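The values are calculated or read from the model by the stated rules, or taken from the named source; none is laboratory data. None of the values given here were measured: they were computed from a predicted structure. Quick reminder, even Gly has a Cβ in these numbers, built from the backbone with ideal geometry, and neighbours come from all protein chains shown.
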Amino acid sequence: MQVKRTITVVKDFPGLGERIKKIREGDSRSLSQICRDSGISRSYWHQIENEDLRAAVTEDIIRKIEAILNTDLGVSFD
């Protein structure tokens, strides 16, 4: 049997939503296509870009955004 321990670390990245928006706007694909390809809903994507979240976005979501936009957002917990 495997046992998993999850550690929660929260770190601020001011302006991250705006950076994501600028990178996305430079992409030739529509927001709808980017959301379909990443598996992130349009409404959640807008919340991320507007930094309008009641809870922190997960690292997994950031990695999906980095992959779909082919970028490194500099989000690191090291």
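A few comments on the model shown:
- The number of residues in region 54-74 being surrounded by 15 or more Cβ atoms within 10 Å (Cβ to Cβ), under 27 Å from Thr6 (Cα atoms) and among the aliphatic types (A, V, I, L, M) comes to 6.
- Selected residue (criterion: farthest from Ile7 (Cα to Cα)) from residues of region 43-53 that are within 12 Å of the chain's Cα centre (by Cα) and part of a helix (DSSP H, G or I): His46
- Selected residue (criterion: surrounded by the fewest Cβ atoms within 10 Å (Cβ to Cβ)) from residues of region 5-37 that are of a type in the set (Ser, Thr, Tyr) and modelled with pLDDT of 95 or more: Ser28
- Cβ pairs under 8 Å, 6+ apart, first in region 63-78 and more than 13 Å from Arg19 (Cα to Cα), second part of a loop (DSSP other than H, G, I, E, B): Lys64/Gly39; Lys64/Ile40; Phe77/Val9; Phe77/Lys11
- Subset of region 1-17 that is of a type outside the set (Phe, Trp, Tyr) and in contact (Cβ under 8 Å) with a residue 12 or more places away in the chain - its residue that is nearest to Trp45 (Cα to Cα): Gly17
- Of all the numbered requirements in (1) surrounded by 11 or more Cβ atoms within 10 Å (Cβ to Cβ); (2) at pLDDT 95 or above, Glu51 misses one, and that requirement is (2).
- Members of region 22-57 found to be of a type outside the set (Val, Ile, Thr) and within 25 Å of Asp78 (Cα to Cα), listed by number: Glu49, Glu51, Leu53, Arg54, Ala55, Ala56
- For Phe77, the conditions (1) surrounded by 11 or more Cβ atoms within 10 Å (Cβ to Cβ); (2) modelled with pLDDT under 95; (3) part of a loop (DSSP other than H, G, I, E, B) all hold with the exception of (1).
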